[in-house]
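One structure below.
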Amino acid sequence: MHPNQDNVVSFHPDRSLDNLPPQNIEAEEAILGGIMLDPEAMTRVSDRLVVEAFYISAHSYIYQAAVQLHATHQPTDLLSVTAWLADHNLLNRIGGRNKLATLVDRTVSAVNIDALADLVMEKYRRRQLIKVGSEIVHLGYETETELPFVLGQAEAKVFGVTQNQSDERCKVFSAQDMGIELFQKLEMGSMAGDKVGWYDVENITGGIYPSSLVVVAAESHMGKTHFMVSYAYEIMTKLGKPVLYVTPEMDKNQLNARMLARITGVDASMIQTNTQCYWEQIAQGIGQMVELPWKVYEHSSPTTAMIASAVRRAIAEFGGSIGAVFIDYLQQIPLESGGNMAFEVGKITRQIRDIAKSHKIPVFLGCQINRGNQTTADKRPNRHLLRNSGEIFEVCDQLIMLYRDAVYTKDPSDRTIELIVEKNRLYGKLGTATMLCDLSTSKFLNLAR
Ligand SMILES: Nc1ncnc2c1ncn2[C@@H]1O[C@H](COP(=O)(O)OP(=O)(O)OP(=O)(O)O)[C@@H](O)[C@H]1O
C-alpha cells in the first residue's frame, strides 16, 4: 500500500528541470557566420569547440562541415560549406542555402569568436551536467545495487563532466600539434622522469613518470612497505609533490610511525614502545610530518572504485595535482566473488592502471608474491613468479622486485636490498640496483660509489 503522504518527508523532483536547457543560439549563429566569413576563424576555435556542443542540430551539421573542410586544408567559406553539405545530403536538414547566407549576412566579424566558442562550450557543459544529474537520480533509485558502488558511479559521472573526459577519450591529435608539444616538452626537460636521487635504481628506471603503473613485488617481509614509505617521503621532500598512500594492510598510525621514523631517524619500534625517551624528537618530527603534503586512505578492503574516489578527492584537496599514489598492496583489494581468480586480479590491475592514466599520475602498486624455487641456491624473484597472477606483468609499465639476502641468511649486519627491474616499458632498461636499507627507520640509501 502506498504510504500516507502526510507521513513522508516531502520530496519533489526539482521543477526547474522542466526549464529550457542552457543554450545560446545567438552565439552559435555568430560562430558559424564568423567561420564562413573569416578564413582564420576555424584555426581559433577548432581546438576548443566540439561538434556536439551546438544546441541546434542544424548548427552542429554546419560546424561539422567546417571541421571536415578545415581538417583537409580547404577553405570554410560560404561556397565550400554549402558544397560540402550538399555533397553529404545535409543541405535540406540545415534549412537550405538561405540559412547559410543569413548566418553570414548577420555576422559583422569573427573578432570575438574565441569567447563565443567558450560560451557555447560552457552551455554544453551545463547541459551535460543536467544529463548526468538525471542519471544520478536514477542511480539513487537503484536500491538493489550496493550503496558504495552507486556512490562511486555517481562521483565518476560528475568527474567525467568536470574533467571533460568524454571529449578527451576520442581526441585525435594532428602531427603538427604533436610535434609542437613534443618539442616544448623536450625543451623543458619534462619528458624525463622525476628523480629523487636514488641514483642506481633511477639510472635503470629513468625515474618516476606520470601515468605509469609501477608494480613493486616482493615476498612477505622483504620490505615493500618500507620501500614505498621511503619513496613517498623522497617524493614529498625532494620533489615537493603531494602523495596519497592507500593502506588496506596497515593501520594509519602504524604507517605514520614508520613515516615518523623516516623523518626523525628514531627506530619505529622505539617510537611506539619507548615514546617517553624520544619525546623531543617525536614532537619535532610530528611538527615536520604535519607540514608534508601527505594523505593516507585507510580501509581494510577497499575496492578499486573506492580507491579511485579517494584519489579524486586527494587531487581536489591538494589543489588539482598529486605527485604519486601508493597502494599497499594488490592482494588486499577484494576480488569479486565467484569469478576466476587470475582474471579478477588482472581486472583490478587494469582498473588501477586506468587511475594512473586518467589522472596522469604515477601509481605504485605493492604486490605480494609467493616464495620462488626453494631448492635452488639463488632465491631472487623473477617475473615468472607473476605469471599466474592475472595480467599483472602485462599491464604494468614497470616491475620492480625487491630482494634482501638477509631474509634467508639471517645476517643482521647485511643491510643491502636489491631492486630488480624486470620490466620497463617507459625507459627500456632492465637490471638490478643495490641500495642500503635501514628498516628500523624506513631509510633507503645509495651505496657508496
Ligand atoms: N623497527 C624495525 N627494525 C628493524 N627491522 C624492522 C623493523 N620493523 C620492521 N622490520 C623488518 O621489516 C621487514 C618487513 O618490512 P615490510 O613491512 O616493509 O615488509 P613487506 O614486504 O611489506 O611485508 P608484509 O607484506 O609481510 O608486511 C621484516 O623483515 C621486519 O623484521
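The values are calculated or read from the model by the stated rules, or taken from the named source; none is laboratory data. Note that this is a predicted model, so its numbers are computed, not measured. Note: ideal-geometry Cβ built from the backbone for every residue, glycine included; neighbour counts use all protein chains shown. Ligands, DNA and RNA are stripped out before the accessible areas are found, and what is left, the full protein with its side chains, is counted by its heavy atoms. Shrake-Rupley method; radii C 1.70, N 1.55, O 1.52, S 1.80 Å.
Numbers below:
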{"quantity": "Residues of the range 296-315 classified as within 19 Å of residue 347 (Cα to Cα) and β-branched (Val, Ile, Thr), total", "calculated": "4"}
{"quantity": "Where a residue in the range 171-185 is free of Cβ contacts under 8 Å to residues at least 40 places away in the same chain and its partner, wherever it lies, is in a helix (DSSP H, G or I) and open to solvent by 90 Å² or more (accessible area, probe 1.4 Å), with Cβ under 9 Å and at least six apart", "calculated": "173/181"}
{"quantity": "Meets criteria (free of Cβ contacts under 8 Å to residues at least 12 places away in the same chain, surrounded by fewer than 19 Cβ atoms within 10 Å (Cβ to Cβ) and of a type in the set (A, V, I, L, M)) for residue 239", "calculated": "no"}
{"quantity": "Residues that are touching a residue at least 60 places away in the same chain (Cβ under 8 Å) and of a type in the set (Phe, Trp, Tyr), drawn from the range 275-311", "calculated": "294"}
{"quantity": "Candidate set from the range 39-62 (those that are among the charged types (D, E, K, R) and in a loop (DSSP other than H, G, I, E, B)); member that is farthest from residue 75 (Cα to Cα)", "calculated": "48"}
{"quantity": "Options 211, 190, 230: the member that is loosely packed, with under 13 Cβ neighbours inside 10 Å and either assigned to a loop (DSSP other than H, G, I, E, B) or at pLDDT 95 or above (or both)", "calculated": "190"}
{"quantity": "Conditions (1) open to solvent by less than 40 Å² (accessible area, probe 1.4 Å); (2) outside any helix (DSSP H, G or I): number failed by residue 249", "calculated": "(1)"}
{"quantity": "Residue check for residue 267: away from the ligand (no atom under 12 Å from the Cβ) and either charged (D, E, K, R) or touching a residue at least 24 places away in the same chain (Cβ under 8 Å) (or both)", "calculated": "no"}
{"quantity": "Elements of type strands (runs of 3 or more DSSP E) in the range 396-449, at least 1 residues being in contact (Cβ under 8 Å) with a residue 24 or more places away in the chain and surrounded by fewer than 21 Cβ atoms within 10 Å (Cβ to Cβ)", "calculated": "416-424, 431-438, 443-446"}
